[in-house]
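Let me begin by presenting the structure, written as structure tokens, before commenting on it.
The values are calculated or read from the model by the stated rules, or taken from the named source; none is laboratory data. These numbers come from a predicted model, not from an experiment. Here Cβ is always computed from backbone atoms with ideal geometry, including for glycine, and neighbour counts include all displayed protein chains. To get the accessible areas, we keep the full protein, side chains included, count just its heavy atoms, and leave off ligands, DNA and RNA. Shrake-Rupley method; radii C 1.70, N 1.55, O 1.52, S 1.80 Å.
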Amino acid sequence: MATGKGASATDGGWMVYRSTPRVVLNWRKSSASANDSNCVEVAASGPSVLVRDSRNPSAGHLALAPAQWQGLLTAVRNGDLDGR
């Protein structure tokens with residue numbers, strides 16, 4: 001993944017601070033979150049999965065490769081991130 005102005009590396013993923021012009025993303029969050037704002041939202045962008053804070057969507061998002069996304073899902077399901 002190429003880095004450009006407004007992007008920085010973060011542990012193998014990318015934090016993106018700006019939107020790409022003319023690209024509309026379909027952001028989704030879990031139906032289990034109901035009206036709770038303590039959630040993350042995800043969107044697909046090519047082969048990447050984008051993740052952002054639903055409380056502050058303009059703060060940027062992480063772009064994860066498919067293997068990184070699967071690793072995150074596995075860690076969440078196994079409770080590896082509980083209490084952090």
Item to check | Which listed residue, of S58, S31, S54, is in contact with a strand residue (DSSP E or B) (Cβ under 8 Å, 6 or more places away or on another chain) and at pLDDT below 90 | outcome: S54
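Rundown of residues vs (1) in a loop (DSSP other than H, G, I, E, B); (2) open to solvent by less than 50 Å² (accessible area, probe 1.4 Å); (3) touching a strand residue (DSSP E or B) at 6+ places or on another chain (Cβ under 7 Å); (4) at pLDDT 90 or above, yes/no style:
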residue: S8; (1), (2), (3), (4): no, yes, yes, no
residue: T20; (1), (2), (3), (4): yes, no, no, no
residue: V23; (1), (2), (3), (4): yes, no, no, no
residue: A43; (1), (2), (3), (4): no, yes, yes, yes
residue: A67; (1), (2), (3), (4): no, no, no, yes
residue: D82; (1), (2), (3), (4): yes, no, no, no
Checklist entry - Could you list, in sequence order, the residues of the range 45-58 that are in contact (Cβ under 8 Å) with a residue 12 or more places away in the chain and not in a strand (DSSP E or B)? => result P47, S54, R55, P57
Checklist entry - Quick check: anything in the range 70-80 part of a helix (DSSP H, G or I), of a type in the set (S, T, N, Q), touching an Asp or Glu at 6+ places or on another chain (Cβ under 9 Å) and open to solvent by 40 Å² or more (accessible area, probe 1.4 Å)? => result yes
Item to check | Selected residue (criterion: nearest to S31 (Cα to Cα)) from residues of the range 53-65 that are under 9 Å from the mean Cα position of the chain (by Cα) and open to solvent by 50 Å² or more (accessible area, probe 1.4 Å) | outcome: D53
